[in-house]
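The block underneath contains the structure these notes are about, expressed in structure tokens.
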Amino acid sequence: MTSKDRSSIPTSRREFLRTSTAAGVGLGLGAAGLLRSAQAQATKTIAFQGWAFEPQVVEASVKRFMAENPDIKVIYTPLDLQLYPEKMVALFNAGTQGDAFYVRDTHLGAWVEAGWMQPIDGMPGLAELNKDIYPSVLESLKYNGKQYGVPYYGDIYLYLYDKSHLAQAGIKKVPSNLEEVKNAALEIKKANIQQYPILKGYKTNTDGLDEFWSMVFASGGHLFNPAMDPVFPNEDKTAVMVLEWMLEAMHNWKILDPRGLEIDETQARDIYLSGQGTFASNVGNVFPRANNPALSKRAGNIQMMKFPGLKSLDKGPMGWSRLYGMSSKTKEKDAAWRLLYFMGGKDKAGTYNVAKDWYLKYGVGFPFMSMEKDPDIVAAQKKSGYDLDVLHHQFKTAQVRENVLTTWYAEWDRFTQQQIQNVLLRQIKPAEAMAASAKKAQELKKNA
Amino acid sequence: MSTARLDDGRTMTAAANTRFGMSRETRRSLLPMAGAIFFALYVLAPFCWLLLTSFMHEQDALSVPPQWIPKHPTLSNYMTFIDPAGTRAIVGSRAAEQTFPGMVNSLIAATATAILNLILGTLAGYALARYRFRGRGGLLGLYLGSRLLPGIALIVPLYLTIKNFGLLDHLSALIVTYVSFTLPFTIWLLKNYFQTIPRTLEEAAYMDGATWFQMLWRVLLPAAFPGLISAGMFAFMTAWNDYLFAVILTSTMAAKTLPVVVAGFATDVTTERTLMATSGVLAIIPPLVLAFVFQRLIVQGLTSGAVKD
Amino acid sequence: MTELSLARGFARRRSRIGYDRARFAWLLNTPALVAITLLAAYPIVYSAWISLHRYNLKRPNVFRFLGLDNYATIVAAPEFWSALWITVQFTLLVVITVSVLGVLVALLLNQKFPGRGIVRTLVLLPWAIPPVVNGLMWQWIYDSKIGALNGLLVSLGVLSEYRGWLSEPMSALLALAFADVWNVLPLAVVLLLAALQKIPAELYESARMDGAGPFQLFRHVTFPWLAQTLLVVLILQTLSAIRAFDVIYVLTAGGPGTATTTLVWKTYLTTFENLDFGLGNAYAWMVSLITFGFALVYFRVLWRRGDFET
């Protein structure tokens, strides 16, 4: 400031300037002092790894966390999505894994048994958080009675239909079980609306049994007892009956597209959205996409129904989750916990800000029940065309795959997918396939 | 007027050689040209799909029947790579902005791999080609034998090795890994190639007073130029294309190569097909440019009298 | 000096040269040896060691020496033989097609014709496409609902309706092989072309003057010269075919059923999905053995032919 400026400014303002400058300087010094003491407090640095789904969103969340927690520095590294588990295996083996990382529920058992994760029971704020988590999601966070993570997201498998097709075929009642689905599909086929009204991808994939599990659950059936022994094919005949329905649908009634054998879920989704098929089942976040005119050729026509089983029961579909977990070797347990609490729970203001962000941006399922009432979320869901009663019902009654936490789940899942494919290729009969799958489960359990 | 030599040694003038208004040379090249066209179609047809998709909007890319000529062609996919922040893509803006840096990393890694291969491979290849010594066969066997185990089994211990060298997430880690993969074959290729060059060339050089190195640099290598290029190309492309090891050994853009970046367009929620196709089109440009340059050099190298005796 | 001592003198000089030459040869090999062993030695030894143990990452504290039990388990499992059969089929399909096509194309590109430079450049195109993009490209081409192949064949009238290329076992294997061939052909062409360019023109001239036609030219002039390079190509292509991973990962994931589950795919699943490192590494060594077997056959057939130390 030149002397000229100073002299031309009225006294009161000069006073203000002087005091505010002094205050500013004081604050500055104070802040520097704080900073120094914070540094003297030793900023904790933690490494955070996840698969690279929209890493810029995660980075923004991490930035917000660091703003709320200036004494923690987080180094976030997005890892390649395709080979995430393999890469984590290499990292664990070499000891370069992060303090916190994403975990898939299908790997939780294996990673805990390998000694890579530590339980978070009793960490501050966890009990409160747990009260608000959907039961199926909460169950998938635990292994052998201990909890190992907080939810990244939780979602369910949906059964979708195109209401315009049903209207065109004169079907007034939305199907509520597989028999009604079959009849509706036959009507639609007869009316030449679709050659194959049911579209489903059966290509082998890591955990590709979602529809199968959902149909079994919705029918009130079980695949495994609490001791992880298979109760199929004989004790509980649901599995075989479901598979028989699928086989008939594909080759006898010809309502299930046989080319589904070469497409996976994502391809099936894209094909469904481009207008083929009436009924489809897929992951929860497909729904908002299906009714988004920028992405779907049938926006506005897609609706979800309660997942159909052999009978109309009040049972939900299969649900799953992904978690944020903590390394067993972390040296900053407290800092890592605070990061987990922020990402998989609440921020300082007490809102589920990360979960809400994911949901509003990408339709990634939220794991907290109270979010159902959040007005932003309700507005977004109404815009996407959800029948909120059906949606909430399905989430609340969703069930966790019974043996998903065993260390042999992935192998059994893949083997069973192959058996199902062989059934649909008409190489073996459903009863044989289920017997082989049960035998495999018993073998794997014995050798585990 | 060109003269052509008939098989029995007689000479005829071009005028007499012309039939159907074409010279003998053009006629001779008709069959190869037809073959070349078929081959070019074979190479280009699957790629065409990629190229066309890169000019489409996402929904058009999925339509049935497939659109051969995009109904609503757009340059927006290419624009995404130039201005990733302005993308309308649902996912993949991160991958878009990483594409060019990834390409640079790939170029560096692949070029370094090729050069190291040529240097080390020439030395070892020459030794195996020209000298008979105890352990010669065993050495070649050792080189090739090191390549029998599939890469999947090597990932985890290799990761540990690289970590112990402190090279994780460094381009140099990729380079040394790629060199160890490709060198055995480069050595073998160059050994074979050197063996086709007559020793008389070398002996002539020695008689002119050249040292071993001068002989190598001035006589042998120029004569072996096509072999060097093909070995270099093999090393370059192997490094350029690797996905498995790049994914495991790198984590950030400090070292991520193009295949890893491009894989980021496919997530478990969505695959931005149009963006991925565009990235594929962009990815082939550097190797094709290099190939064009080098195949010209080969032609020149051949006609500059390398093997005339 | 007597003749005997002269002769002895010569002999001594020759052996001294021989000794120096060996040292020089080893010296020339040292950088390469270092580069390769530094990075290959530990993983190979590690892999072999683990394959002799029971070691599953899900039970990391169990590390029991099993001797050859893992190998016995593999050989006793029908899935191994199924995977082996599929691997052999796939490999033969790809290697034979690539070798034949490779020779033909290399011969083609060795001829002079206008536009040769462009076609030679185009050869690299399939090789230059990144693996994931390549896999997805073929997925879109083969797609049963929106794929280009179906579209093309239907519009040409060859097919009456769209069909699923990847949903039937045999068709899936062929489709995979076709995609892989397209991918790896450039390598064969590049190597064979480089070898063809070295064949001295006089050999062709003198053979032609002896009245040889194109087939005889190929059999007596071209093929012997190509034999060594063809051996390299065969081995490289076999290695690549046995290890084919990306196309399987994207196109079929080993299915439908187990129709395209090759040995390497099985290795991948065992090691990374089941986290069974002991068994997985044993699988990897089985793959090595089989590759070695193929290589031995090739060497037998091609090593002696066209051996020309100039």
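Where helices (runs of 4 or more DSSP H) fall entirely within the stretch A:34-128, those with at least 1 residues that are in contact (Cβ under 8 Å) with a residue 60 or more places away in the chain and of a type in the set (Ser, Thr, Tyr) are at A:55-68, A:105-113.
Considered as a group, the residues in the stretch B:61-109 that are hydroxyl-bearing (Ser, Thr, Tyr) and touching a Ser or Thr at 6+ places or on another chain (Cβ under 7 Å) include one that is modelled with the highest pLDDT, and that residue is B:Ser106. The set of residues in the stretch B:200-222 being facing another protein chain (nearest Cβ under 10 Å) and either out of contact with any Ser or Thr (no Cβ under 9 Å at 6 or more places or on another chain) or without any contact (Cβ under 8 Å) to a residue 40 or more places away in the chain (or both) consists of B:Leu201, B:Trp212.
Table: residues versus (1) facing chain C (nearest Cβ under 9 Å); (2) β-branched (Val, Ile, Thr); (3) part of a helix (DSSP H, G or I).
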residue: B:Leu123; (1), (2), (3): yes, no, yes
residue: B:Ala127; (1), (2), (3): yes, no, yes
residue: B:Gly138; (1), (2), (3): no, no, yes
residue: B:Leu142; (1), (2), (3): yes, no, yes
residue: B:Arg147; (1), (2), (3): yes, no, no
residue: B:Ala153; (1), (2), (3): yes, no, yes
residue: B:Pro157; (1), (2), (3): yes, no, yes
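Does the stretch C:131-147 contain at least one residue that is open to solvent by 40 Å² or more (accessible area, probe 1.4 Å) and at the interface with another protein chain (Cβ under 7 Å from one of its Cβ atoms)? Among the residues of the stretch C:131-147, not one is open to solvent by 40 Å² or more (accessible area, probe 1.4 Å) and at the interface with another protein chain (Cβ under 7 Å from one of its Cβ atoms), which makes the answer no. Each residue in the stretch A:403-439 was checked for being among the charged types (D, E, K, R) and either surrounded by fewer than 19 Cβ atoms within 10 Å (Cβ to Cβ) or within 16 Å of C:Pro169 (Cβ to Cβ) (or both), and 4 pass.
Taking (1) surrounded by fewer than 20 Cβ atoms within 10 Å (Cβ to Cβ); (2) more than 8 Å from every other protein chain (Cβ to nearest Cβ) in turn, A:Leu295 satisfies each apart from (2). Of all residues in the stretch C:243-260, those satisfying the criterion of being touching a Leu at 6+ places or on another chain (Cβ under 9 Å), more than 17 Å from B:Val156 (Cβ to Cβ) and either open to solvent by 10 Å² or more (accessible area, probe 1.4 Å) or within 11 Å of chain B (Cβ to nearest Cβ) (or both) are C:Ala244, C:Asp246, C:Val250, C:Ala259. If you go through the stretch B:220-232 one residue at a time, do you hit one that is at positive phi and modelled with pLDDT under 85? No, the conditions are met nowhere in the stretch B:220-232. Can you tell me which condition B:Tyr178 does not meet? The list is (1) out of contact with any Leu (no Cβ under 7 Å at 6 or more places or on another chain); (2) open to solvent by 10 Å² or more (accessible area, probe 1.4 Å); (3) in a helix (DSSP H, G or I), and all the others hold. It fails just one condition, (2). Inside the stretch B:237-259, can you point out the residues that are more than 9 Å from chain C (Cβ to nearest Cβ), open to solvent by less than 20 Å² (accessible area, probe 1.4 Å) and either at positive phi or not hydroxyl-bearing (Ser, Thr, Tyr) (or both)? Answer for the stretch B:237-259, where residues must be more than 9 Å from chain C (Cβ to nearest Cβ), open to solvent by less than 20 Å² (accessible area, probe 1.4 Å) and either at positive phi or not hydroxyl-bearing (Ser, Thr, Tyr) (or both): B:Ala239, B:Phe245, B:Ala246, B:Val247, B:Ile248, B:Leu249, B:Ala255. Counting the residues of the stretch C:151-188 that are within 13 Å of chain A (Cβ to nearest Cβ) and in a helix (DSSP H, G or I) gives 7.
Yes/no per residue for (1) basic (Lys, Arg); (2) open to solvent by less than 40 Å² (accessible area, probe 1.4 Å); (3) away from every other protein chain (no Cβ under 14 Å); (4) assigned to a loop (DSSP other than H, G, I, E, B):
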position: A:Val137; (1), (2), (3), (4): no, yes, yes, no
position: A:Gly154; (1), (2), (3), (4): no, yes, yes, no
position: A:Lys173; (1), (2), (3), (4): yes, no, yes, yes
position: A:Ala185; (1), (2), (3), (4): no, yes, yes, no
position: A:Gly208; (1), (2), (3), (4): no, yes, no, yes
position: A:Glu211; (1), (2), (3), (4): no, yes, yes, no
position: A:Gly220; (1), (2), (3), (4): no, yes, yes, yes
position: A:Asp236; (1), (2), (3), (4): no, yes, yes, yes
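For first residues located in the stretch A:250-271 and more than 7 Å from chain C (Cβ to nearest Cβ), partners that are outside any helix (DSSP H, G or I) and hydroxyl-bearing (Ser, Thr, Tyr) and lie 6+ apart or on another chain with Cβ distances below 6 Å form the pairs A:Asp257/A:Tyr196; A:Gly260/A:Tyr202. Are any residues in the stretch C:275-305 within 11 Å of chain B (Cβ to nearest Cβ), of a type in the set (A, V, I, L, M) and closer than 18 Å to B:Trp188 by Cα, and if so, which ones? C:Ala295 - this is the single residue of the stretch C:275-305 that is within 11 Å of chain B (Cβ to nearest Cβ), of a type in the set (A, V, I, L, M) and closer than 18 Å to B:Trp188 by Cα. The residue of the stretch C:17-60 that is most open to solvent (accessible area, probe 1.4 Å), among those that are β-branched (Val, Ile, Thr) and within 21 Å of B:Ala127 (Cβ to Cβ), is C:Ile17. Taken over the stretch A:92-106, the residue count meeting the criterion of being buried (at least 22 other Cβ atoms within 10 Å of the Cβ) and within 9 Å of another protein chain (Cβ to nearest Cβ) is 1.
Taken together, C:Arg23, C:Arg59, C:Arg64 contain a single residue that is at pLDDT below 90, of a type in the set (D, E, K, R) and in contact with a strand residue (DSSP E or B) (Cβ under 8 Å, 6 or more places away or on another chain), which is C:Arg64. Within the stretch A:63-87, restricting attention to residues that are out of contact with any helix residue (DSSP H, G or I) (no Cβ under 8 Å at 6 or more places or on another chain) and more than 8 Å from chain B (Cβ to nearest Cβ), the residue that is surrounded by the most Cβ atoms within 10 Å (Cβ to Cβ) is A:Tyr84.
The values are calculated or read from the model by the stated rules, or taken from the named source; none is laboratory data. Model, not experiment: these values are computed from the prediction. Every residue, glycine among them, receives a Cβ derived from its backbone with ideal geometry; neighbour counts consider all protein chains shown. Heavy atoms of the whole protein, side chains included, go into the accessibility calculation; ligands, DNA and RNA do not. Shrake-Rupley method; radii C 1.70, N 1.55, O 1.52, S 1.80 Å.
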